[in-house]
1. Can you work out the accessible area per residue across the range 1-80, with the rest of the protein chains kept in place, probe 1.4 Å, in square angstrom?
2. Can you tell me how much longer the chain between GLU274 and ASN92 gets when fully stretched, taken as 0.36 nm per residue apart minus their C-alpha distance, in nm with one decimal?
3. Between SER281 and THR101, what is 0.36 nm times their sequence separation minus the Cα-Cα distance? Round to one decimal in nm.
4. Rounded, prolate or oblate for the range 36-153? Axes are the square roots of the Cα gyration tensor eigenvalues, ordered a ≥ b ≥ c, and the cut-off for rounded is a/c under 1.5.
5. For GLN206 and LYS76, FRET efficiency with R0 = 22 Å and r from the beta-carbon atoms, rounded to 0.05?
6. P(r) for the range 1-81: what percent of alpha-carbon pairs falls in each 10 Å bin, starting at zero?
7. Put a dot 7 Å past each Cα toward the Cβ at VAL190 and ARG57; how far apart are the dots in nm?
8. Going through the range 19-117, which trypsin sites (Lys or Arg not before Pro) have at most 12 other Cβ atoms within 10 Å and a DSSP loop state?
Amino acid sequence: MKKGLVLEGGAMRGLFTAGILDVLMDKGIMFDGVVGVSAGAAFGINYVSQQKGRTLRYNQRFAKDWRYCGFRSWLKTGDLFGAQFAYHDIPNIYDPFDNETFESSTMDYHLVCTDVKTGEAVYKPLKKGGDVCYDWVRASASMPMVSRPVPLEGKLLLDGGVADSIPLAYFERLGYECNVVILTQPSGYVKKHNGLMPLLRLSLRQYPEMVKALDQRHIMYNAQLDFVKKREEEGKVLVIRPKEKLKIGHVSHDPEEMQAVYDCGIEAAHEYLEAIKRFLSER
């Protein structure tokens, strides 16, 4: 039975996921495949490359560097998170990504993007590291309105969470029957309609299908939460989520705030550790 790890996004809430992944690395817990969306893709790739601590490290190190993230980067480059610095300079120079370990991993790695022309999900398995791989990660994590669409394989791509926020059904279609799902919102969370839709419609007016997907995202997301709950009740999925709303925004320039969210993930991982081992061993 194939065992999968499904990672929701959530921008800087993803540091909760990073804490969990670092504990999994420390305990030698592996899966057959990993699928990540947005921050889940950007941070989850470090689990496949087995680089414990890397996610928190570079986020804290460059928290106040405009080249990494900020209004100045958005004005100068069109991307809130700098495309060149965040997705190429850091993994190639400042905090190197371990391409060799990533490429030799027994775990398959998948991510999700959204095609801005169709508003539909694009699923991408990645086995080779390097700059093209990093651009796929960038595309998956590129938030609408504050990011330029990323051109890859003849498509224009943005945040995968718009079309498929929790790709459990995708992994099930691939044959993953035993899945651990890491969410970044607490139990009982219900997504509301995006209050920024007037601005999103304006900024993405060239892409009406993308606007439609954004307008209906809360419906899609809440339906996915119901699907995850159903699978959880059936005993086919183990879900890890924060106990309460994580105290961090989509963007953070505060290393201490980042540390606190990461530590919540560490705590959750230790609380769920025996349950994870039992869940995986029984299947």
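The values are calculated or read from the model by the stated rules, or taken from the named source; none is laboratory data. Source: prediction; values computed, not measured. Using ideal geometry, Cβ is built from the backbone for each residue, glycine included, and neighbour counts are taken over all protein chains shown. Quick note on the areas: whole protein, heavy atoms, side chains included, nothing else; ligands and nucleic acids left out. Shrake-Rupley method; radii C 1.70, N 1.55, O 1.52, S 1.80 Å.
1. On the way: 2600 Å² over 80 residues.
Averaged over the residues of the range 1-80, the accessible area is 33 Å².
2. Numbers: separation 182, 0.36 × 182 = 65.52 nm, distance 3.66 nm.
Length gained between GLU274 and ASN92: 61.9 nm.
3. Details: separation 180, 0.36 × 180 = 64.80 nm, distance 2.51 nm.
Full extension from SER281 to THR101 adds 62.3 nm.
4. Numbers: a/c = 1.99, a/b = 1.10, b/c = 1.81.
Taking the square roots of the gyration eigenvalues as a ≥ b ≥ c, the range 36-153 is oblate.
5. Numbers: r = 22 Å, r/R0 = 1.01.
E(calc), rounded to 0.05, equals 0.50.
6. Percent of Cα pairs in each bin: 18, 45, 26, 9, 2.
7. 4.3 nm
8. Working: sites: LYS27, LYS52, ARG54, ARG57, ARG61, LYS64, ARG67, ARG72, LYS76, LYS117; in loops: LYS27, LYS52, LYS64, ARG67, LYS117.
Counting only loop positions with at most 12 other Cβ atoms within 10 Å, the trypsin sites (Lys or Arg not before Pro) in the range 19-117 are LYS64.
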